[in-house]
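**Q** Next up is a structure, given as structure tokens.
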Amino acid sequence: MNLKGIHHTAIICSNYEKSKHFYTEILGLTILKETYRAERNSYKLDLAINQQYCIELFSFPNPPKRVSRPEACGLRHLAFKVDNIHSSIEALNSKGISTEPIRIDEITGKSFTFFSDPDNLPLELYQT
């Protein structure tokens, strides 16, 4: 097997319009394609960063809650690369999104912080 990279991350949300607004209007991801699947009563929203496909946002009727805190076994968080963590934090805060205090990665010396999406999915900003 020769893996070539990560193709996408799939996220199931509880409120499609709220999550669509968050990922597109607040985080600035671009909509590549929006599909309504009538047989599932479900939306699938394909999102990109810099024209690179990266997230599938799904809605399903009554999805079960997922434990994210305290940290549970499984996928931990989704991290986004940023050039300037301070301006990125200011942009989020100006839109009503709170962030944790900046931390320093003890291995790389890089700055990072966490915030949450509308379903409390932990998201990270990592300064590259």
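The values are calculated or read from the model by the stated rules, or taken from the named source; none is laboratory data. Source: prediction; values computed, not measured. All Cβ positions, even for glycine, are placed from backbone atoms using ideal geometry, and neighbour counts span all protein chains on display.
**Q** Picking from Asn50, Asn93, Asn62, which residue would you name as being more than 17 Å from the chain's Cα centre (by Cα), among the polar types (S, T, N, Q) and either modelled with pLDDT of 95 or more or at positive phi (or both)? Can you show your working first?
**A** Working: Asn50 fails: more than 17 Å from the chain's Cα centre (by Cα); Asn93 fails: more than 17 Å from the chain's Cα centre (by Cα).
When all the criteria are applied, what remains is Asn62.
**Q** Restricting to region 96-118, give me the number of residues that are polar (S, T, N, Q) and within 15 Å of the chain's Cα centre (by Cα).
**A** Start the filter on region 96-118 by keeping residues that are polar (S, T, N, Q), which leaves 98-99, 108, 111, 113, 116.
Subset that is within 15 Å of the chain's Cα centre (by Cα): 98-99, 113, 116.
Number of matching residues: 4.
**Q** Just for region 1-43: of the residues that are more than 15 Å from the chain's Cα centre (by Cα) and in a strand (DSSP E or B), which one is surrounded by the most Cβ atoms within 10 Å (Cβ to Cβ)?
**A** Tyr43
**Q** Quick one: in region 36-93, which of the residues that are of a type outside the set (D, E, K, R) and in contact with a Pro (Cβ under 9 Å, 6 or more places away or on another chain) is farthest from Ile26 (Cα to Cα)? Talk me through it step by step, then tell me what you get.
**A** Of region 36-93, the ones of a type outside the set (D, E, K, R) are 36, 38, 41-43, 45, 47-55, 57-64, 67-68, 70, 72-75, 77-80, 82, 84-89, 91-93.
Those still in the list that are in contact with a Pro (Cβ under 9 Å, 6 or more places away or on another chain) too: 41-42, 68, 77-78.
Numbers: Asn41: 26, Ser42: 23, Ser68: 22, His77: 18, Leu78: 16 Å.
Filtering first and then ranking leaves Asn41.
**Q** Right, something else. Which one is surrounded by the fewest Cβ atoms within 10 Å (Cβ to Cβ), of the residues in region 76-88 that are outside any strand (DSSP E or B) and in contact with a strand residue (DSSP E or B) (Cβ under 6 Å, 6 or more places away or on another chain)? Step through it out loud before you land on a result.
**A** Residues of region 76-88 that are outside any strand (DSSP E or B), as a first pass: 76-77, 83-88.
This time we only want the ones that are in contact with a strand residue (DSSP E or B) (Cβ under 6 Å, 6 or more places away or on another chain), so: 77, 85, 88.
Values: His77: 12, Ile85: 18, Ser88: 20.
Step by step, filter region 76-88, then rank; the result is His77.
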